[in-house]
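What follows is calculated from the coordinates using simple rules that are stated; it is not laboratory data. Only a predicted model underlies this, so the values are computations on that prediction, with no experimental measurement involved. Please note: Cβ atoms are built from the backbone with ideal geometry, for glycine as well, and neighbour counts cover all protein chains shown.
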Amino acid sequence: MPGCCLWGSAPPAPSGERKGAGWLELLLLLLLILSGWVLTQQPVGCPRVCECFVEEKTVKCANQNLTEVPPDLPRDVQNLFLTGNRLRDLSSGAFPSEPLLELRNLSLRGNQLEQVGAEAFARLPNLKQLDLSQSALLWVSPMAFGNASSPLEELRLSNSLYNYSVVAAIAELLQRGIFQNLKHLDLSSNGLVSLPPGIFSRLPSLQHLDLHNNSLVSLRDVSFGALHQLQRFDLGDNALKRLRNDTLAQLRGLPWLTRLDLGRNAWVCDCGIEDLARWLKESDQVEAKEALKCSEPEEKQNSSLVSLPISGLECLEPDDDQTQLQTSYVFLGIVLALIGAIFLLVLYLNRKGIKKWMYNIRDACRDHMEGYHYRYEINADPRLTHLSSNSDV
């Protein structure tokens with residue numbers, strides 16, 4: 001019938017439309033499969049601002065302006081990178097309440113960290129590598145790792161120590177005896193002029209000590225005798241002028257030390273460097289020892305320390321490394337004493353004027369107090385209530 005198509009089944013669609021619908025269904029199916037694959041790659045429990053890598057058990061939260069450690073970290077994380085954020089203070093509650101038992105490597109590099117409180121890392125009982133480089137540390141608690149012995153093997157504090165008080169705090173932390181497994185200690189680029197005595201006295205497993213790019217002028221009173229496992233010692237780019245015989249004896253007594261960097265220091269080639277020059281000729285511990293050059297005196301500039309004649313070196317400076325520093329202190333004391341004497345002299349010469357000025361102040365205060373006392377008597381005596389409270393004395 002001609003009108004059956006109006007009330008019966010629809011006529012078959014053209015073959016071109018059927019092909020277009022088929023391609024659309026296939027595209028939708030591929031999108032569903034791809035979205036499901038993407039979801040499976042982002043592990044459950046990964047912080048929203050972080051990248052998580054399941055197979056490597058690694059979490060990266062770099063340059064996210066974080067002000068605190070993300071609380072929803074995966075429990076099985078082994079490597080945690082929180083670099084380039086704004087973590088200023090690490091307290092005992094900085095990390096999740098449940099200990100991260102598998103965390104081995106923690107990087108807080110570039111956070112300008114200022115405070116590390118007690119128990120800050122106590123919830124990381126298996127931490128082996130800690131990077132606090134590029135911080136601005138003002139205080140580190142000696143109890144930052146708690147009371148228990150730490151398994152830490154690598155501690156990086158390059159360009160992190162803001163002042164000498166935090167250096168003393170780091171020394172106290174290292175001297176607690178909890179870092180029996182520490183192998184690598186990086187204190188480079190901190191502007192250190194001197195080191196606290198005994199700072200390395202309880203690090204029996206230390207193998208690599210990095211002190212390069214500081215301002216060390218002397219190693220006097222610093223003991224290296226306990227570093228029996230030390231293999232590499234970097235003292236390059238400092239302000240060392242000479243090494244004394246007692247320091248050389250300690251370095252000579254380290255059985256595993258094979259890589260000692262003394263380059264780019266301000267060596268003064270006078271009679272005080274004889275011990276070092278003699279040791280360099282005999283020892284194989286110093287790296288590139290032929291490149292060590294004299295900076296003073298002028299006639300010996302750029303001369304190799306190894307080629308210096310042991311005898312005949314003139315004594316241009318006092319033999320004590322601390323002499324210049326002590327002289328500066330004495331000079332400062334003399335200047336301060338002179339300023340004090342001038343101040344007392346000025347007071348003495350103006351004693352009459354000062355005495356008169358003090359009497360004037362005393363009389364003014366006395367008159368003022370008498371005025372207050374007079375008004376109080378007027379207000380207290382009912383017979384004088386008719387007088388004005390503003391009457392002049």
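Brief remarks on what is shown
- Applying 0.36 nm per residue to the separation of Ser205 and Gln112 and subtracting their alpha-carbon distance, the gain on full extension is 30.6 nm.
- Length added when fully stretched, Arg362-Lys281, from 0.36 nm per residue minus Cα-Cα: 21.3 nm
- Whole-angstrom gap from the range 218-236 to the range 173-206, using each part's C-alpha centre: 10 Å
- Extension reserve of the Ala337-Arg48 stretch, reckoned as 0.36 nm per residue once the Cα distance is removed: 97.7 nm
- For the range 157-213, the gyration tensor built on C-alpha atoms gives an oblate shape. Its axis ratio a/c (a ≥ b ≥ c) is at least 1.5, and a/b is not larger than b/c.
- Cβ-Cβ FRET estimate between Ala249 and Ser304, R0 fixed at 25 Å, reported to 0.05: 0.60
- Set of lysines with alpha-carbon distance to Lys57 below 26 Å, sequence-local pairs under 8 removed: Lys128, Lys183
- Taking a straight Cα-Cα cut-off under 17 Å and skipping sequence neighbours fewer than 8 places away in the same chain, the lysines within cross-link reach of Lys241 are Lys289, Lys293, Lys300.
- Distant-in-sequence amide contacts of Trp139, defined by a placed amide H-H separation under 5 Å and a gap of 5 or more residues or a different chain, comprise Val116.
- A protection proxy built from the mean count of other Cβ atoms within 10 Å ranks the segments 199-208, 220-229, 347-356, most packed first, as 199-208, 220-229, 347-356.
- With the simple spin-label model, which puts each label point 7 Å out from Cα in the Cβ direction, the Tyr329 to Leu344 separation comes to 2.3 nm.
- Environment charge at Glu114 (Cβ cut-off 10 Å; Lys +1, Arg +1, Asp -1, Glu -1): 0
- Taken as Cα centroids, the range 80-106 and the range 242-320 sit 44 Å apart, rounded to the nearest whole angstrom.
- Positive minus negative residues near Lys289 (Lys, Arg vs Asp, Glu; Cβ under 12 Å): -2
- Relative contact order computed over the range 40-143 (Cα-Cα under 8 Å; 6+ residues apart), in percent: 22 percent
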